[in-house]
1. In sequence order, what are the phi-derived ³J(HN,Hα) couplings for region 279-291 according to the Karplus relation 6.51 cos²θ - 1.76 cosθ + 1.60 with θ = phi - 60°, rounded to whole Hz, with x for glycine and proline?
2. Counting Lys and Arg as +1 and Asp and Glu as -1, each charge on the Cβ, what is the dipole of region 1-109 about the Cα centre in debye, to the nearest 20?
3. Quick one: Cα centre-to-centre distance for region 120-182 and region 19-98, in angstrom?
4. Provide the packing ranking of 269-280, 171-182, i.e. peptides ordered by the mean count of other C-beta atoms within 10 Å per residue, highest first.
5. Can you give me the long-range amide H partners of Leu295? Hydrogens built in the peptide plane at 1.01 Å from N, cutoff under 5 Å, separation of 5 or more residues or another chain.
6. Amide H neighbours of Phe147 under 5 Å, counting only residues 5+ apart in sequence or on other chains, H built in-plane at 1.01 Å?
7. Can you give the log10 of the normalised intensity I(q)/I(0) at q = 0.13 Å⁻¹, computed with Debye over equal Cα scatterers of the chain?
8. Suppose every K and R has +1 on its Cβ and every D and E has -1 on its Cβ; what is the size of the dipole of region 219-353 about the Cα centre, in Debye to the nearest 20?
Amino acid sequence: MDQTIYQIAIIGFGGMGSYHTQLIQPVAQLQVRGVYDILPYRMELASTQGLRGYSSLEDVLEDAEVDVVLIATPNDSHKEIAIRALQAGKHVICEKPVTMNSTDFLEITASAEAAKRVFTVHQNRRWDPDFLIVKEIVEKKKAGEVFHVESRVHGANGIPGDWRQLAAYGGGMLLDWGVHLLDQLLLLTDSKIESVKADLSTILGTEVDDGFTATIRFKDGLTAVIEVGTTNYIKLPRWYVKGTEGTAVIRDWSLEGEIVRTNPDVAKVEPTPIQAGVGLTKTMAPPSEKSTLRLPVEKATPPAQSFYENFAALLDGRSAQAVKNEQVLRVLRLIETVFEAARTQTVVKDTDL
Ligand code: NAD
């Protein structure tokens, strides 16, 4: 049976826009029809890759062969491009953070509903192997019942590029990396949020946050520390997960890590006290080797479809949307709550999130 081929036009051919061509390429049903970028040298680059160049956004929207508009421009421009594309009858994929606030996002989803077109957000880090491992640790109770998660990304290179340092463009690390880490966190539990506490950092003197720490407590008792840093010359682990039977660590994207947990086949053995500084301690001694297991972290089964395989199947009506708009809305509202908690220096409760 012949499959429908969907043609995609990329708006914004910078770092991420050009990367999308590699993500789309393996999916036979999707083809990149062309590119539009406001910068001539980015258009020249697209041309050297054999891609059709459009002279303007109108030019793209008037091309009846274009089925899908992919938005990979700076964050402040997503909303206008999305609404214009939907009104022109195109389906839309938008880079994260979809918008700078939840009100703008609701305008987009209303436009998508009115136009009866698909609108979805590229929350690609749901497919990250490190996250999938943690999700399996939680779901399969590999460290018992997980009651605390710490998820961090640390760098020492400050805020990269130009627009990411400016508030008007939706810069700052909470909107940039925070949107990924919070999206991942909300997929680890079905529970509602009880409270949010947060601090933004502005060590580098930029007008936007160069990092943040948010402490989130869920109604089911799970607590989480979510942290982004751009001034960390020594990184803390990417994930630190505590369960009732053990602790898991994943150090970075190389997936180096381990789970240390109680051995269910051996009765608990008292630890031997250790010298700690000038004193002795049993409390802080390592657990007895005899009654603990040290397990490697195992790669988790990836989702059956990649982001783009899901998108093609969605347009065909064969699959449901992987990144649901109500999930995206919840993450945006959580980001707004983190900003509020940091600004007011209070613990925000009754969030209904
Ligand atoms: P970038 O600065 O490298 O590229 C942006 C491009 O958009 C530039 O070439 C610029 O000239 C062009 N542009 C700006 N305004 C435009 C307009 N109105 N019409 C057409 N082109 C326009 O930025 P980037 O790092 O590629 O980020 C782009 C988007 O992708 C952002 O929303 C960012 O958050 C997102 N992003 C997502 C991921 C991810 O893993 N999902 C990673 C990086 C960036």
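1. x, 10, 8, 9, 3, 9, 5, x, x, 4, 4, 5, 9
2. About 240 debye.
3. 25 Å
4. Values: 269-280: 10.6, 171-182: 23.8.
In descending order of packing, they fall as 171-182, 269-280.
5. Answer set, sorted by chain and number: Ile259, Val260, Arg261.
6. So Phe147 has HN proximity to Lys242, Gly243, Thr244.
7. -1.09
8. The calculation lands at about 240 debye.
The values are calculated or read from the model by the stated rules, or taken from the named source; none is laboratory data. A quick note: this is a predicted structure, and the numbers were derived from the prediction, not measured. Backbone-built Cβ (ideal geometry, glycine too); neighbour counts: all protein chains shown. Heavy atoms of the whole protein, side chains included, go into the accessibility calculation; ligands, DNA and RNA do not. Shrake-Rupley method; radii C 1.70, N 1.55, O 1.52, S 1.80 Å.
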